[in-house]
Every structure is written in C-alpha cells, then in structure tokens.
Amino acid sequence: KQEVTQIPAALSVPEGENLVLNCSFTDSAIYNLQWFRQDPGKGLTSLLLIQSSQREQTSGRLNASLDKSSGRSTLYIAASQPGDSATYLCAVCSAANTGNQFYFGTGTSLTVIP
Amino acid sequence: DAMVIQNPRYQVTQFGKPVTLSCSQTLNHNVMYWYQQKSSQAPKLLFHYYDKDFNNEADTPDNFQSRRPNTSFCFLDIRSPGLGDAAMYLCATSRAGGGQPQHFGDGTRLSIL
C-alpha cells in the first residue's frame, strides 16, 4: 500500500523567506501528485497538480517538483507571506479499477511570522 | 462556478443518534469520495462511488454508510455515532481515468455530545 510522508511536520519562518516543503512516497507507480492547502477548520484547496510525466509545475510564487523514480516531491514557496500560513498536504494518485485512489500525507503546518 | 458543496458546515449530534451529511457537485464528475479527517491527521478515505458503484475501504467501520441517488448528490450516514467519530468529513470529486485531480468541498465538522 502506498505510504506518503511529509517533512517537516511543522515549520515557522519569518516573512519574506523562501521555503521548501517535502513529500515522499513509497510506490513510484503513480498517475499524479497534488499539493493542497488547508486552513484551520476548512476543506482542501488545490494548489498544484503534477502529472507523472512532468517534472514541475508553477503557479505564482509556488513551484512543485516531482522525481517519480526516487519517490519525492517538493513544494517551493518564494517570498513567503503571513497569508501563506496554513497546513500543506500532498496526495499521490494511484490507479484503481474503481476510480483513482488518493493517498495523503499528514501535512506540514506552516507559520509565516510578520 | 462549478464546485463541491457540503452541508451543513457544522453538525452537532448526540451520542448514538443517526446523522446524515450531504455533498453535492456541479462538476458532473463520475467519482465521489468521502474522507474522515481527525485533528492533525491525514484525510482517511472511507469509501467512494464510481458512478453508481459503491467501493468501501476495508477498514471503514460498519457504522458508516453512503448513498448516491444521482450524479450530483452523495450522502454519508453515520448510524450510531460514537465519540470517536467526531471529525471533519470531507467530500471530493474527480473524473474517472488516470491523472485526474480531486476537487474538495469545505467539509462538515461533526461534533458528538
């Protein structure tokens, strides 16, 4: 069964810093990897989706990379802002006969200090 | 905007009293998922529907059931909620086929008295 790990579990940085969040997975047979943001008490907001054939995706200050062979993905946040404070979750999508199967990490809780 | 809508946002029920959570979507996606998320934990898949086909995860308690009367709606029924069932319940949808992203609702926070 696919296992997804996110390191660190929590991260606190001063405003303006660049930072990297890590996600690793045990089974490289994936369709895609999706990064989400979750604010306290809210649902998940999709940030970036990387297909298995892609190496990276960018959206604004966010850049996600994927190294499928080594089972790793990173989310790079440039010039962090207090509004970036949230929990960031990665999820890998594997094939299933009955629809795609998604496996989540436990997330990295990010605090950006003004 | 097309979206996934969960109602209610907050639900309080009594220990042992059945409760139903609702999810609707305007995305016309084949697949609908229900997740349970407890504090500081990863979302845990309970079950999903591929069109009308129901797929239960092996470790989902019998206490949890689901209905999908049509493409747009899916319900989560908890027959006899226990204190351990207090959690955030997340509904998500996706198209069928490899590589399709998931779209989530805002969740329902369930509290048990």
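The values are calculated or read from the model by the stated rules, or taken from the named source; none is laboratory data. Note that the coordinates shown come from a computational prediction; the quantities given were computed from them, not determined experimentally. Note that we place each Cβ from the backbone using ideal geometry, even for glycine, and neighbour counts take in every protein chain shown. What goes into the accessible areas is simple: the full protein's heavy atoms, side chains included, and nothing from ligands, DNA or RNA. Shrake-Rupley method; radii C 1.70, N 1.55, O 1.52, S 1.80 Å.
Structure values in brief
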{"item": "Among the candidates A:S80, A:S85, residue that is in contact with a strand residue (DSSP E or B) (Cβ under 7 Å, 6 or more places away or on another chain), more than 13 Å from chain B (Cβ to nearest Cβ) and in contact (Cβ under 8 Å) with a residue 40 or more places away in the chain", "result": "A:S80"}
{"item": "Subset of segment B:40-97 [more than 12 Å from chain A (Cβ to nearest Cβ) and of a type in the set (D, E)]", "result": "B:D62, B:D77, B:D85"}
{"item": "Members of segment A:26-52 that are in contact with a Phe, Trp or Tyr (Cβ under 7 Å, 6 or more places away or on another chain), open to solvent by 10 Å² or more (accessible area, probe 1.4 Å) and more than 10 Å from chain B (Cβ to nearest Cβ)", "result": "A:R37, A:L47"}
{"item": "Scan of segment B:55-87 for residues that are farther than 13 Å from B:C23 by Cβ and either in contact with a helix residue (DSSP H, G or I) (Cβ under 6 Å, 6 or more places away or on another chain) or part of a strand (DSSP E or B) (or both), ordered by number", "result": "B:N55, B:N56, B:F64, B:Q65, B:I78, B:A87"}
{"item": "Only listed residue being open to solvent by 40 Å² or more (accessible area, probe 1.4 Å), under 18 Å from A:Q38 (Cβ atoms), at pLDDT 95 or above and among the β-branched types (V, I, T), chosen from A:T111, A:T106", "result": "A:T111"}
{"item": "Filter result (open to solvent by 40 Å² or more (accessible area, probe 1.4 Å) and within 14 Å of chain B (Cβ to nearest Cβ)) within segment A:53-71", "result": "A:S53, A:Q54, A:Q57, A:S59, A:K68"}
{"item": "Criterion (within 14 Å of chain B (Cβ to nearest Cβ) and touching a strand residue (DSSP E or B) at 6+ places or on another chain (Cβ under 7 Å)) met by exactly one of A:T74, A:T106", "result": "A:T106"}
{"item": "Selection count where residues are surrounded by fewer than 18 Cβ atoms within 10 Å (Cβ to Cβ), touching a strand residue (DSSP E or B) at 6+ places or on another chain (Cβ under 9 Å), without any contact (Cβ under 8 Å) to a residue 40 or more places away in the chain and part of a strand (DSSP E or B), scope segment B:1-54", "result": "2"}
{"item": "Those residues of segment B:98-113 which are within 8 Å of chain A (Cβ to nearest Cβ), among the small types (G, A, S) and either without any contact (Cβ under 8 Å) to a residue 24 or more places away in the chain or surrounded by fewer than 19 Cβ atoms within 10 Å (Cβ to Cβ) (or both), in sequence order", "result": "B:G98, B:G99"}
{"item": "Of all residues in segment B:80-97 being loosely packed, with under 14 Cβ neighbours inside 10 Å and touching a residue at least 12 places away in the same chain (Cβ under 8 Å), the one that is nearest to A:I50 (Cα to Cα)", "result": "B:A96"}
